[in-house]
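First comes the structure, then the notes that go with it.
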Amino acid sequence: MKRIIFIFLSTTLFVNVGCNSTQKVIRVDEQQQIDLSGRWNETDSRLVSEEMVKDALSRTWLIDFIEAKSKKPSIIVGLVKNKSSEHISTETFINDIEREFVNSAKVKVIQGGEERDQLRKERGDQQDFASTSTTKKWGMEKGADYILQGTVNSITDSNTKQKVLYYQVDLEFTDLETNEKVWIGTKKIKKLIK
């Protein structure tokens with residue numbers, strides 16, 4: 001009987017301790033840098049996109065295009081492949097890059113990929129279901145002059161007490177008509193985790 005009471009009390013204590021552990025959630029500014037694991041995070045995505053877009057827009061390809069064509073170039077932000085050893089949301093990174101380009105007002109950003117397919121489907125639906133005065137026409141899309149593509153790579157080095165995470169982001173602009181690479185940018189991040 002004592003053994004049954006002991007098991008009951010032990011189980012009750014274990015359940016109560018487990019149920020009473022509460023998490024405290026604190027809202028912080030989204031610009032605040034918080035590194036918990038050292039892995040790629042939203043701060044890396046934001047900082048890399050800001051720096052690489054600034055670099056891309058400061059190079060001669062943009063000046064040369066504007067002087068030759070007397071207009072801003074149209075770009076598509078294509079795929080950024082995650083070739084790292086961890087899960088990285090490249091979609092979030094691509095969105096950060098697109099936002100920086102749009103907000104710069106130095107280039108026109110053209111919709112690409114799955115989103116473009118969704119726009120085309122909507123335009124097709126309008127042909128059947130929208131009033132004639134509001135239906136958007138086929139064949140009016142703007143073609144892009146350049147596509148931005150790239151990769152995110154990582155290297156991990158560790159021993160029992162510490163770890164080094166190294167990330168390298170490579171992006172490049174390619175002229176869609178000639179396939180000429182007009183800009184190549186690289187950003188490296190190195191983190192020591194103790």
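A few remarks follow.
- Selection status of Val53, within 29 Å of Ser158 (Cα to Cα) and among the hydrophobic types (A, V, I, L, M, F, W, C): no
- Flag if Ser10 is closer than 26 Å to Ser85 by Cα and either assigned to a helix (DSSP H, G or I) or modelled with pLDDT under 90 (or both): no
- Look at region 27-46: where a residue is within 19 Å of Gly150 (Cα to Cα), no partner that is part of a helix (DSSP H, G or I) and among the basic types (Lys, Arg) sits 6+ places away or on another chain with Cβ atoms under 7 Å.
- Residues in region 22-54 that are in a loop (DSSP other than H, G, I, E, B) and of a type in the set (Gly, Ala, Ser): 2 in all.
- Qualifying residue in region 59-66 (condition: in contact with a Lys or Arg (Cβ under 9 Å, 6 or more places away or on another chain), within 16 Å of Gly185 (Cβ to Cβ) and either assigned to a strand (DSSP E or B) or not charged (D, E, K, R) (or both)): yes
The values are calculated or read from the model by the stated rules, or taken from the named source; none is laboratory data. These figures come from a predicted structure and were not determined experimentally. Neighbour counts are summed over all protein chains in view; Cβ atoms, including those assigned to glycine, are modelled from backbone coordinates with ideal geometry.
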